[in-house]
Structures are given as structure tokens and as C-alpha cells.
Amino acid sequence: MRTKVATTFRQVLCGLALMLALTPLAFGQNTQTMQPAANRPIQSIPNGAKMKFKGVVIAREGDTFRVRDRNRTDYLVLITDRTSIKTHGGFLRGGKKYPVTDILRGLIVEVEGRGDSQGQLAAEKIRFDESDMRAAITSDTRVTPVEENQARMAGQMDELYAVAAEARTEASAANERITALDEYDEQATTAVTFRVNSAVLSPEAKRQLDEFAAKTENAKAYTIEVAGHTDSTGSEAKNFRLSQQRAEAVVQYLAVNHKIPPRRIVTPMGYGKTEAVADNTTAAGRAQNRRVEVKLMLNRGMSVSKTPASTPAP
């Protein structure tokens with residue numbers, strides 16, 4: 001494995017947590033009693049009970065995640081429209097927002113919320129470190145043979161299982177899918193235009209957005225990028241402000257008229273006149289530049305099917 005001697009324990013921890021979700025325990029004193037991640041019982045949370053804990057994401061399905069805390073207790077965490085997903089710290093301690101599709105197995109998260117009627121934790125806040133996100137995405141390059149590292153790391157991994165030698169093969173097969181979790185493919189795009197000095201959607205623009213929104217109805221693991229633009233007339237400050245207003249008008253229309261969850265939409269950005277697609281010296285060119293580009297992006301890692309098990313030879 002091409003891993004540096006200075007690899008941090010946190011990065012190795014994320015890699016082992018990911019492989020743990022793929023395989024049962026290979027060795028250790030409790031070998032006969034431990035269960036695969038998918039078969040372990042889930043701790044129910046009383047309806048309305050407030051709870052906050054830290055753990056590792058070991059499985060996910062849609063907007064529901066299985067998270068295991070340091071006591072090896074599993075919980076089901078539900079993401080809702082009101083869930084705030086951010087990194088710790090950042091500018092003015094606001095943190096960086098992330099869409100739900102970026103939460104992946106192996107990520108160490110801090111979850112806060114309340115129990116619902118199904119015994120799940122309806123998350124109000126999910127926080128994690130930027131370094132943990134990078135480590136989870138690239139965990140395939142952080143995993144080293146368990147046999148060679150058990151003695152060195154035994155005192156630091158009480159909350160994790162050792163991984164069977166055969167798990168390395170399974171982790172290698174999952175490598176491509178894990179790496180692709182940070183990559184998106186463009187599935188659909190549209191560009192709506194605006195009148196001069198206006199951020200009001202025209203009937204034609206609304207029709208275009210209606211057609212675009214219809215393509216999200218059966219989509220899964222997607223995000224929407226919204227970018228506003230202006231022509232070259234007016235001051236730079238005015239153009240940045242106007243392009244942002246145009247982008248926000250599109251977001252509001254998609255959220256209100258088509259009920260697209262805000263968590264699916266990346267924070268809208270106004271680029272002013274900096275990314276022209278046509279000649280600003282002509283009226284026709286300026287009309288093309290007064291636009292908002294909307295893109296439907298599908299998470300590549302979440303859409304890749306798992307490799308089917310090989311059929312034994314007759």
C-alpha cells in the first residue's frame with residue numbers, strides 16, 4: 001500500500017470502519033460472538049427523547065444511516081429537510097455545508113436530534129471534521145494489513161473490530177465505488193434567461209424549470225447546482241448582487257413549486273459578469289449572458305451497482 005509513515009490514526013480509523021461494514025470479525029478474543037454490521041441489533045430511541053452522540057457511519061440507505069458509537073451500539077439516523085449538515089469550525093465558526101449525498105460509510109460524525117415514532121433519531125444537526133471526510137473518501141489508500149498493525153494499534157481501537165484477511169479483497173472490490181463518492185455526473189442542465197436588471201422569472205423560464213424539475217422525480221443521490229450570471233452592463237458590485245438574486249429566485253421556485261428539498265440544492269452562487277458565454281458587445285450576446293444555469297448532478301459512487309457474487313462452477 002502506498003501510505004506514508006506519517007499517516008494519522010484518524011485516517012486509518014476511517015478506513016478500518018469502512019472495511020468493518022463489509023465483513024465480520026476475523027480474529028480476537030470475542031471471535032465467536034461478534035456479528036456482521038448488517039445483522040447487529042439497532043438501539044431504539046424513545047419518541048421525543050433528545051440525544052447527542054458521536055460514531056461511525058457503517059451503512060446507509062437513502063436518507064437513513066446506521067451509525068455505531070464507541071460502545072458498539074447501532075442507531076438509525078434519519079435526515080430530514082430541517083437537518084443541518086456542516087463541518088466543524090470554518091469561517092466565523094459557521095462550518096461548510098454539505099448535501100446529504102456526501103455522507104458516506106466510514107465517516108466519523110457527531111449527531112444531535114430527537115427520537116421519532118419509529119425509534120430512529122431524527123437528526124437536527126450533523127457535524128464532522130473536514131479531515132475525516134477526506135479520509136473516508138480516500139480510505140482505500142489508508143488501509144494496511146490488519147495482521148501487521150494489530151499490535152501497534154490495539155490500544156487505540158477498542159471501539160473497532162479487527163478485520164479479516166479476506167476483507168482486504170472485498171475492500172479492494174469496493175475501492176472504485178468508494179473513490180467515486182466524491183464525483184458527480186451531469187444528468188441534465190438548463191439555462192433560464194432574464195430581462196435587463198431583473199431577477200424575476202419569466203413564464204418561459206418557469207416552463208423550463210418545470211421540465212427540469214420533472215427529471216428529479218425518480219432520481220436518487222442527486223444534487224442541483226445553481227449559478228447566476230449577468231451581462232457586462234452596470235458596476236461589478238451590482239452585477240454580483242443581481243446574479244445572486246437571480247440564482248436565489250431559481251432555488252425558491254424549485255423548492256416552493258416543486259417541493260425539491262433544500263438539502264438537495266448546493267448553495268446558489270452569483271458570478272456577476274465573470275463567466276460570459278456570448279459576446280457582450282451585442283444585444284443578442286448580452287441576452288444570453290443574463291442567465292441562471294441549473295444542473296442535475298448524480299453522485300457516481302451511490303449509483304454504481306455492487307459487483308454480483310460469482311457463481312460457483314458446476
Gained length - Gln118 relative to Arg207, 0.36 nm times residue gap less alpha-carbon distance: 28.1 nm
Heavy atoms of Glu186: accessible area, 1.4 Å probe, square angstrom to 10: 100 Å²
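Accessible area per residue of the range 62-131 at 1.4 Å probe, in Å²? Don't skip to the answer; put the middle values down first.
Values: 3230 Å² over 70 residues.
Per residue, the range 62-131 has an accessible area of 46 Å².
Give, in nm to one decimal, the length gained when the segment between Lys125 and Thr64 is fully stretched (0.36 nm per residue of separation minus the Cα-Cα distance).
Details: separation 61, 0.36 × 61 = 21.96 nm, distance 1.41 nm.
Net length gain for the segment: 20.5 nm.
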Residue-by-residue Karplus 3J(HN,Hα) for the range 46-62, coefficients 6.51, -1.76, 1.60, Hz, glycine and proline x: x, 4, x, 6, 7, 8, 9, 8, 10, x, 10, 6, 10, 6, 8, 8, x
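Length gain on complete extension for the stretch His88 to Lys215, per 0.36 nm per residue less the alpha carbon to alpha carbon distance? Show your work: numbers first, answer last.
Values: separation 127, 0.36 × 127 = 45.72 nm, distance 3.37 nm.
Answer, rounded to one decimal: 42.4 nm.
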Projected label distance in nm at Ala255 and Thr73, using a 7 Å step from Cα toward the beta-carbon: 3.5 nm
Inter-probe distance in nm under a simple model that places probes 7 Å from Cα toward Cβ, at Thr193 and Lys54: 5.4 nm
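Near Asn289, within a Cβ-to-Cβ distance under 15 Å, what is the net charge of the other residues, with Lys and Arg +1 and Asp and Glu -1?
Numbers: positive: Arg195, Lys238, Arg246, Lys273, Arg286, Arg290, Arg291; negative: Asp231, Glu236, Glu275, Asp279, Glu293.
Result for the neighbourhood of Asn289: +2.
Is the shape of the range 251-298 best called rounded, prolate or oblate, per the rule: a/c under 1.5 gives rounded, else a/b larger than b/c gives prolate, else oblate, with a ≥ b ≥ c the square roots of the Cα gyration tensor eigenvalues?
Numbers: a/c = 3.10, a/b = 2.44, b/c = 1.27.
Prolate, since a/c reaches 1.5 and a/b exceeds b/c.
The values are calculated or read from the model by the stated rules, or taken from the named source; none is laboratory data. The structure displayed is predicted, hence computed values, not measured ones. Please note: Cβ atoms are built from the backbone with ideal geometry, for glycine as well, and neighbour counts cover all protein chains shown. Heads up: the accessible areas ignore ligands, DNA and RNA and are worked out on the full protein's heavy atoms, side chains in. Shrake-Rupley method; radii C 1.70, N 1.55, O 1.52, S 1.80 Å.
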